[in-house]
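S.K.: Please read through the structure below; I'll follow up with questions.
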Amino acid sequence: MKNNDVSPVMQKLSRYVSAAASRKIPAKVADRARLHLVDTFAAMISGSRLLPGKKAIDYVKPLGGREEAGVIGTRIVTTAQNAALANGMFGHADETDDTHPPSLTHPGTSVVPSALAIAERGRMSGEKLLRAVVVGYDVCARMLLTLKPMPYLRSGHHAGATGQLFGAAAAAGALLELSPLQVRYMLSYAGQQTAGLYTMFRDPEHIEKAYAMGGMPAHNGLQAALMAAAGWTGVEDIFSGERDFFHTFAPEDFDREDLSRDLGRNYEMLRASIKRWPIGGPIQGPMHVLNDLMAEHGFGADDVEKVVANIPDKELEIVNNRPMPDISVQHLLAVMLLDRKLTFKSAHDFDRMKDPRVLKMRARVQAVGDPSLTDVQRRWRCVMQVHLKDGRVLYGQTMAAKGSFENPLSPAEENEKAMDLLAPVLGKGRAGELLDALWNIDKVKDVRALRKLYMK
């Protein structure tokens, strides 16, 4: 295909990705990107100690290979591809990682491992790393927004395994300073690897889900970028022409222009969300409201007759009486009532799902799916009633729970969450040093210097 056969959309997108590592980003976007970088590191390091993380380590450790990038939370240094795979699985080992609700993706858990591996491999600066992460979020989200996430999901595919693949490729390609032509080839090889089945949700141990929603997109996206960097050629524009990418994957009402419209003006990083609590996204709204009501009125579990939490009906399907503690809304509300707080440890304690006190409290919690609260942005919403034994009924609601893109965490709040995840693995001292480095990532001249802080 000659260049004049390349669509305007592809030309604009490939030029944008090619120049991303050298392009300054607005201060507001950089500030938000640092929040997401800190959050993703915390998710990866805590996830390295969970079952999916352990399985990832068991897989990559004997592979060896050229020492290019570190496997976070371990002393393993391996190829960029292996590191991206393991770190991506760590990031989505449970439900602590960030999300981009409108696109149904989890960008950080694939974009950050891919960018970090290439940055370590090339001894690049933290400023370049941050810029690559931003373009990765843009491409990840735009890919799914063009495909239309809900129809795509209903077709049996999974959004994250697709969008995050292209986002990881874009981040790696930007750091490798691929030419626009090479970026187009990279996107073609990313397209060839597009995968992800909704069946991942059947996995009760989260290993396959961690792979499909974290490690696989990180590894395959990075691999596509390295192929293009090595001189691989191919189809120059998979987004137009006969039987193109959208012919295979998209509904009939898609608009290719969504891939490149307002690039450099509208940053998808600003529509990404960070979970205030290390639990499933749809539960953030109920936790936000209950936490606020308890703080305001001072009641505890013994005072409660009944809790009724109305949440978006489509979101309730994801978290309704699930057998995993961190994605069961009824269980987590019961734990919050009993403990007056929620930590990473308490949110992931399977034994407490059998605790008679928790089960007794859980029987008083009702979750109701409310279609009037559901919207295309997948905002974290909840309208709650708490019926107390003294006859009072307390009301609370949020239309944008803490951590959502409309109500983002402050650096102090993110630090609190991150320290809860990092300290049990690294110790408080080293965790604090790592957080300081990440908050000042634009001053880090060689991201390989982070290894001494994140290795254990």
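S.K.: Any idea what the relative contact order of region 340-451 is, in percent, if you count C-alpha pairs under 8 Å spaced at least 6 apart?
M.R.: Averaging sequence separation for qualifying contacts and normalising by length gives 14 percent for region 340-451.
S.K.: Is the shape of the chain best called rounded, prolate or oblate, per the rule: a/c under 1.5 gives rounded, else a/b larger than b/c gives prolate, else oblate, with a ≥ b ≥ c the square roots of the Cα gyration tensor eigenvalues?
M.R.: Prolate shape, in that a/c is at least 1.5 and a/b is the bigger ratio.
S.K.: Let me ask something else about it. Determine the distance separating the Cα centre of region 290-344 from the Cα centre of region 106-152; give it in Å without decimals.
M.R.: 33
S.K.: Loop only per DSSP, at most 16 neighbouring Cβ atoms within 10 Å: give me the trypsin sites (Lys or Arg not before Pro) in region 99-139, ordered by residue number.
M.R.: When the trypsin sites (Lys or Arg not before Pro) of region 99-139 are filtered for loop state and at most 16 Cβ neighbours within 10 Å, R123 remain.
S.K.: Measuring with a 1.4 Å probe in the full set of protein chains, what accessible area per residue, in whole Å², belongs to region 39-92?
M.R.: 34
S.K.: Under 8 Å for C-alpha pairs, at least 6 residues apart: give me the relative contact order for region 281-398, rounded to a whole percent.
M.R.: Reported as a whole number, the value is 41 percent.
S.K.: Another question about this same structure. Between Q377, M294, V358, whose Cα lies farthest towards the positive end of the dipole of region 281-398 when Lys and Arg beta carbons carry +1 and Asp and Glu beta carbons carry -1, centred on the Cα centre?
M.R.: Of the candidates, V358 comes out farthest on the positive side.
S.K.: At 1.4 Å probe size, with the rest of the protein present, what percent of the exposed accessible area of region 268-362 is carbon and sulfur atoms?
M.R.: Roughly 48 percent of what the probe reaches on region 268-362 is carbon or sulfur.
S.K.: Might you report the magnitude of the Cβ-based charge dipole of the chain about its Cα centre, with Lys and Arg at +1 and Asp and Glu at -1, to the nearest 20 debye?
M.R.: Dipole about the Cα centre, nearest 20: 920 debye.
S.K.: Relative contact order of the chain, please, whole-number percent, based on alpha carbon pairs below 8 angstrom and at least 6 residues apart.
M.R.: 21
S.K.: Among the lysines, select those whose C-alpha is under 27 Å from the C-alpha of K445, and discard any that sit fewer than 8 residues away in the same chain.
M.R.: Output for K445: K24, K28, K128, K417, K428, K456.
S.K.: When the helices in the chain are scored as -39500 (n - 2.57) per DSSP H run of 4 or longer and the sum is shared across all residues, what 222 nm value do you end up with, to the nearest 500 deg cm²/dmol?
M.R.: Value at 222 nm, helices only, nearest 500: -15000 deg cm²/dmol.
S.K.: Taking K and R as +1 and D and E as -1, what net charge do the other residues with C-beta under 12 Å from the C-beta of P149 add up to?
M.R.: +4
S.K.: Which three extents, in angstrom, do the Cα atoms of region 281-398 have along their principal axes, listed largest first?
M.R.: 37, 33, 21
S.K.: Can I ask one more? Checking understanding here: applying a Kyte-Doolittle mean of at least 0.5 and a length along the axis of at least 27 Å (C-alpha), which whole DSSP H helices in the chain pass?
M.R.: TM-like helix candidates: 126-147.
S.K.: If you only keep lysine pairs separated by 8 or more in sequence, or across chains, how many in region 281-398 come under 21 Å at the Cα atoms?
M.R.: 9
S.K.: Please figure out what share of the DSSP beta bridges in the chain is antiparallel and state it in percent, rounded to the nearest 5.
M.R.: Of all bridge pairs located within the chain, approximately 75 percent are antiparallel.
S.K.: Among the trypsin sites (Lys or Arg not before Pro) in region 1-81, which ones are in a DSSP loop with at most 10 other Cβ atoms within 10 Å of the Cβ? Mind listing them?
M.R.: Loop-located and lightly packed - K2, K24, R75.
The values are calculated or read from the model by the stated rules, or taken from the named source; none is laboratory data. Everything numeric here is computed off the predicted structure, so don't read it as measured data. Reconstructed Cβ throughout: ideal geometry from the backbone, glycine too, with neighbour counts over all protein chains shown. Heads up: the accessible areas ignore ligands, DNA and RNA and are worked out on the full protein's heavy atoms, side chains in. Shrake-Rupley method; radii C 1.70, N 1.55, O 1.52, S 1.80 Å.
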